[in-house]
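The values are calculated or read from the model by the stated rules, or taken from the named source; none is laboratory data. The structure presented is a predicted model; accordingly, all values stated were derived computationally and were not measured. So basically every Cβ, Gly included, is an ideal-geometry build from the backbone, and we count neighbours across all protein chains shown.
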Amino acid sequence: MTLKKLPLTIKPFADLIDENYLYADKTEYIYKLLSSPLSEFFLSRPRRFGKTLLLHTLNEIFTVGRKRFEGLWINESDYDFPAHPVIFLSLSIDSDSPERLRRSLMTELEEIAAANNLRVRGDSPNAYFSGLIKALHTKYKTKVVVLIDEYDDPVTANMEEPHLAKANAKILRSFFASLKKPYVTSSLHFTFVTGITRYALTSMDSGPNHLNDISLDPAYAGICGFLATEFDSLFGDRMELALASLKKTGEMAPSADIKQLREEIDFWYDGYDWGGESKILNPYSILKFFHSLSFDQYWIQSGRPAHLTAMLNSRPLDFVTAKLESYPGEKLRKTELTHLEVVPVLFHSGYLTLDMINAASKQVLKTDKIKYYSFKLPNYEVQSSYYRDCFTLFFGQHSTDDLQAKGKELLKALMAKDAETVSFIFSGYFSSMSCYQRPNDEKTFHALAQMLLSGMGFKIRTELIGPSNRLDLCLELPKSLYIIIELKHCSSKKKLTKKEIEWILANVAKDRLRPQEINESLADIAITKLKYNDVHSTSTLRKGPKRNRLLADLALKLLPESDINQALAATARLKLPEAEIDQALSNTSDKTVSNAQIDSILSDAAQRALSDITERNYHGMLKKEAKAFIDLGLAFYGYGEKIKAAFGVK
């Protein structure tokens, strides 16, 4: 049997049908839209989830008709395929300046007018848009369909330059306001707009805020992406081939079967939920998986929205401490472009999905009639990449190879039940954090531990739910070994040594001082402590930023960390307010926590976790053939210089 081709690049609907490509039939959802008493819709979905294909399908329905849809659901329905002129726009266009955005919009509209042999007046995009709709209605004597893809791209693509994003949003506000003019609405039959974000839409007070948002409507939850039933019908004939290949490369055990392969695919790529009864598999990653026959982070590697990258770089702590439970729906739908909240950005970008497992995670209606939602990371592909990105920002380690090597070292220590090495590895990472990023509560510490372990390459199952409480972390190791981790955070106050103070203030300097000030400080210590031969190559340069930068690089390469910390600490004391210095050196608690007390905390935590896991199987997550359950109790105290580990083997 000849397998249908995989649509690995964005292709129009007509090409998929005519050239024997796989296609998930979404025409039943389209029929619901077209049969609705409403006619103006908006849909938010992450990139590469099929929004563009959905609009291409709508375009074919209105322009080509029934002959293109033989064998699809809508062809067997009572829909009669009336023809309508279509304005199909993609706003993923040149928007590097407001002038370029206006010109790009005009070019797109002028091409549509030319294709229909129309002469339209209008000296601005919004005026020309209105005129084009009226002209099409007049010529074809039937109402017009407007399909707009990636409506928010001119805003989100420029979020690193807020003034440009705002200027573009203003242009789009006027452009979309054209659709609300009475003499235009009388010429419209159907409008459908897609994008990644919802907040860019609602921030436009006089823009497209009249559209009916179906993004979280359960009736349309599966309109993009692959449902489980669609996966089975589309890829069932490829599973044996994939399994054989994965066994050959060692990615799956020789004894693995089709059921286990499906579980692994779900673990990697399933889990998206927009309020429907079934979860959604990531379509892009699934197609790439069956093409490469190997598990990898395909969707993540294909890119990340620019506004998410900008936020991640500027506000890393917000991404770790974001409240994912009982989040107000109003904030999800509308937030200011000048200060975007983390949860809506992550959700609309595909890094979070609705968490519908617990009753409290569903749409909880409060007395004030506000809907609340809860969220989670959808799958292993997203989880591992997201934690690795956060890890890089918090711990300053950019080399994936180094991180993976440290993961292998930790794996070896865990397999050998070597608590001392485990403690040393964790301590090394947490001690490298700046005092402003260091956890001050158990929840944040928990999140940082997750991102650290995930970044190292461990498969993590988090917050497994039992009858009485939750298990913090479960690491899945080779040979059916599972590490059960219980995390505990302790605050303490202790007298700091001189080296500890210098280390803390050095990190404050890195966080708060300008790069020029840091380079100047390190240049001074390089001249003082390095040999003449090391610095003579800079002697011909005039004193200034360039010379300081070169000397600073030399200091970082050749001087011990203690000398670097000493120099930066001195600069911090000189340049920063005393109140800021005092805050950095203070701790959250005046109570001293002794080693004996920490041992007691760890022992109690270990015993409770061990007793708990022997009574239940965490919904099958912990396999019966597991050889050992190891409880690793971690206590973080002081300034991150000591993390104690206590093992208990069952």
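Residues that are within 30 Å of the chain's Cα centre (by Cα) and at pLDDT below 85 within the range 511-534 comprise Asp511, Arg512, listed in sequence order. Taking the criterion of being more than 21 Å from Ala14 (Cβ to Cβ) and over 35 Å from the mean Cα position of the chain (by Cα), the residues of the range 35-82 that qualify are Pro37, Asp78.
Scanning the range 531-580 for residues that are charged (D, E, K, R) and closer than 24 Å to Glu500 by Cα yields a count of 8. Would you mind stating whether Arg48 is part of a helix (DSSP H, G or I), in contact with a helix residue (DSSP H, G or I) (Cβ under 7 Å, 6 or more places away or on another chain) and over 24 Å from Lys180 (Cβ atoms)? So Arg48 fails the test. Taken over the range 352-406, the criterion of being in contact with a Gly (Cβ under 9 Å, 6 or more places away or on another chain), at pLDDT 80 or above, part of a helix (DSSP H, G or I) and among the charged types (D, E, K, R) is satisfied by Lys406 alone. Among the residues of the range 318-344, which ones are touching a residue at least 40 places away in the same chain (Cβ under 8 Å), closer than 21 Å to Glu161 by Cα and surrounded by 14 or more Cβ atoms within 10 Å (Cβ to Cβ)? Scanning the range 318-344 gives Phe319, Lys334, Thr335, Leu337, Leu340, Pro344. One residue stands out in the range 218-228 among those that are modelled with pLDDT of 95 or more and not hydrophobic (A, V, I, L, M, F, W, C): the one that is farthest from Asp266 (Cα to Cα), namely Tyr220.
Listed by first and then second residue, the pairs with beta-carbon distance under 8 Å, at least 6 apart or on different chains, first residue in the range 519-533 and outside any helix (DSSP H, G or I), second surrounded by 21 or more Cβ atoms within 10 Å (Cβ to Cβ), are Leu530/Ala555. Checked across the range 78-100, the condition of being without any contact (Cβ under 8 Å) to a residue 24 or more places away in the chain, assigned to a loop (DSSP other than H, G, I, E, B) and under 23 Å from Ala169 (Cα atoms) holds for at least one residue.
Going residue by residue through the range 88-95, is there one that turns out to be surrounded by fewer than 18 Cβ atoms within 10 Å (Cβ to Cβ), touching a helix residue (DSSP H, G or I) at 6+ places or on another chain (Cβ under 8 Å) and more than 26 Å from Lys181 (Cα to Cα)? The answer is yes, given that some residue of the range 88-95 is surrounded by fewer than 18 Cβ atoms within 10 Å (Cβ to Cβ), touching a helix residue (DSSP H, G or I) at 6+ places or on another chain (Cβ under 8 Å) and more than 26 Å from Lys181 (Cα to Cα). Applying the set (1) touching a helix residue (DSSP H, G or I) at 6+ places or on another chain (Cβ under 8 Å); (2) of a type in the set (Asp, Glu); (3) at pLDDT 95 or above to Asp205 leaves exactly one unmet item: (3). Of the residues making up the range 252-284, those that are among the charged types (D, E, K, R) and more than 30 Å from Leu346 (Cα to Cα) are Asp257, Lys259.
Report yes if some residue within the range 558-568 is buried (at least 18 other Cβ atoms within 10 Å of the Cβ), in a loop (DSSP other than H, G, I, E, B) and modelled with pLDDT of 85 or more; otherwise report no. There is at least one residue in the range 558-568 that is buried (at least 18 other Cβ atoms within 10 Å of the Cβ), in a loop (DSSP other than H, G, I, E, B) and modelled with pLDDT of 85 or more. Selection within the range 508-518: residues that are in contact with a helix residue (DSSP H, G or I) (Cβ under 8 Å, 6 or more places away or on another chain) and in a helix (DSSP H, G or I). The member of this set that is nearest to Ala570 (Cα to Cα) is Ala509. Inside the range 105-160, residues that are within 38 Å of the chain's Cα centre (by Cα) and not acidic (Asp, Glu) make up a count of 25. Consider Arg547 carefully, then state whether it is among the basic types (Lys, Arg) and either in contact with a helix residue (DSSP H, G or I) (Cβ under 6 Å, 6 or more places away or on another chain) or modelled with pLDDT of 90 or more (or both). So Arg547 passes the test.
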